[in-house]
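The values are calculated or read from the model by the stated rules, or taken from the named source; none is laboratory data. All of these numbers come straight from a predicted model, not from anything done at the bench. All Cβ positions, even for glycine, are placed from backbone atoms using ideal geometry, and neighbour counts span all protein chains on display.
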């Protein structure tokens, strides 16, 4: 009788626990992060007898949760990717909207300035049109500075979010490490997995994946190690690394991510941070904000350089040589705070065509200097020795090293980032617009051919000097240029429309000259200040391929910036949408495994209830049989 009783009691207790597990599942059907639990029953060891082994009931082996680490990893990875792309898309969209506005956008602002130049070209003596030009010059300057201000605000917001996100990551990492310790202790004490603690930890890891991409590795004792990027440890067993957001050694306005060391220093792991909001913020800075700021600076430098050069090649309404139209900020450079030497750099722009919107790092290895384009990661060749008499020349810049430099010292160089901040219109009077050429031309009165000469355009104001020159055709297809003293300056074969260059200026003769025909070129007179030659040259300069190694105009650079920002925004939005879909699919797949199915739980409840009742009935039967046996013995 005792066998029947003990076997039935074991079943009664087992199914009672099974009902408890089922009840817990139903109660947590709406609990976020809950993994459905399953009771695992095992047949108890049988008792040997002459007729064979007789079963002795059932034992509860364990209560496990339905969980698939591969599905969980897919959810975290897609969540991390979505958070990163969505962060970039949100920030890039603001820049895109700012630059592409049809009325206040970048290309619209530049075109309004060109339109004002064209209006002056049609009425070069009009003070009103000249005033409109100066107003448009100020408008494009203010617009570029507004862009710069907006980008600075976005940048400050990004840096603040980076700092706040690091705090969130540290908090989650510490809590995960603490749960690791609790899980290890609970499992070591009972030999069973603490499902509730495991669910809590998984939920925290899911939250962490929203901030940074992590790879989870399960240890044998139930603890979970977390690694960032290519393998930088964030949580190892019950120990969590502490991330710190500290100013960059080369730019105090930007935060780098480091891991705190015991001595108070930090190991930079910025490059290890990928995915999540934190990775998205770093990508926003490097892929959106910095390139946009640099490109706007390149446009500002191009605008100021082209207009100032052409102003110098012209004459204003008062008969004076043109003065610079714009001022612009210089090259920014700074030594690393880790430098042990006292060296500094003096950097100036020397070649607009070679100037890029990239940033650079100049470093000294103890024997030689190296210049690296930090945007592309490529080494940049230099000429010179870095002294005032023989500066380094590279990427459209002149670099002079001052002071004492030690091995390992390095410097960051931003050729265009600071240009917009000091962009300003220098002309204060409409009469100062140098619309006329510094030179004038005329054809000889005795010419018998039908050739005509253009107004001279000064191409090199530094080499132009006021002087009278004569272009004589020694034959219909040969010319020579002589100065006022009769000295031959240059000569050559005549081709209609081909520019003739001398004295830092050029003219074009078109048509068919006759032998003996002459043309004169000399300084412009105050009586001809209404000439539009130089303002036409300004319009031409705005459209000339003066940037990008002779491949891009100012408008091309502006259009490329607007287009690149738009494409990056669309790509980030598309990637975010795609990853959101992937994340939803992965979440659904995980929920199908780990989520509570109330229909299944209802069926289990009925099954366990019936089994429990059957065991109770067996106990009652055992008791009845036992009582019958006792009665029979007492009356036997």
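Here are a few things to note about the model shown:
- When residue 301 is tested against (1) touching a helix residue (DSSP H, G or I) at 6+ places or on another chain (Cβ under 8 Å); (2) within 30 Å of residue 458 (Cα to Cα), only condition (1) is not met.
- Check on residue 281, touching a strand residue (DSSP E or B) at 6+ places or on another chain (Cβ under 7 Å), crowded, with 22+ Cβ neighbours inside 10 Å and in contact (Cβ under 8 Å) with a residue 60 or more places away in the chain: no
- Hits in the range 412-421 (condition: outside any loop (DSSP other than H, G, I, E, B) and either out of contact with any strand residue (DSSP E or B) (no Cβ under 7 Å at 6 or more places or on another chain) or more than 19 Å from residue 360 (Cβ to Cβ) (or both)): 420, 421
- Residues that are modelled with pLDDT under 95 and surrounded by 19 or more Cβ atoms within 10 Å (Cβ to Cβ) within the range 122-140 comprise just one, 124.
- Taken over the range 5-27, the criterion of being in contact with a strand residue (DSSP E or B) (Cβ under 9 Å, 6 or more places away or on another chain) and under 18 Å from residue 593 (Cα atoms) is satisfied by 21, 22, 24, 25.
Results for (1) touching a helix residue (DSSP H, G or I) at 6+ places or on another chain (Cβ under 6 Å); (2) at pLDDT below 90; (3) in the same structural domain as residue 24 (by TED's automatic domain parsing); (4) farther than 30 Å from residue 203 by Cα, shown as yes or no for each residue.
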position	(1), (2), (3), (4)
40	no, no, yes, no
52	no, yes, yes, yes
77	no, no, no, no
87	yes, no, no, no
93	yes, no, no, yes
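- The range 263-278, residues that are closer than 23 Å to residue 214 by Cβ, out of contact with any strand residue (DSSP E or B) (no Cβ under 7 Å at 6 or more places or on another chain) and surrounded by fewer than 17 Cβ atoms within 10 Å (Cβ to Cβ): 271
- One residue from 599, 556, 588 being surrounded by 14 or more Cβ atoms within 10 Å (Cβ to Cβ), without any contact (Cβ under 8 Å) to a residue 24 or more places away in the chain and either out of contact with any helix residue (DSSP H, G or I) (no Cβ under 9 Å at 6 or more places or on another chain) or more than 30 Å from residue 84 (Cβ to Cβ) (or both): 556
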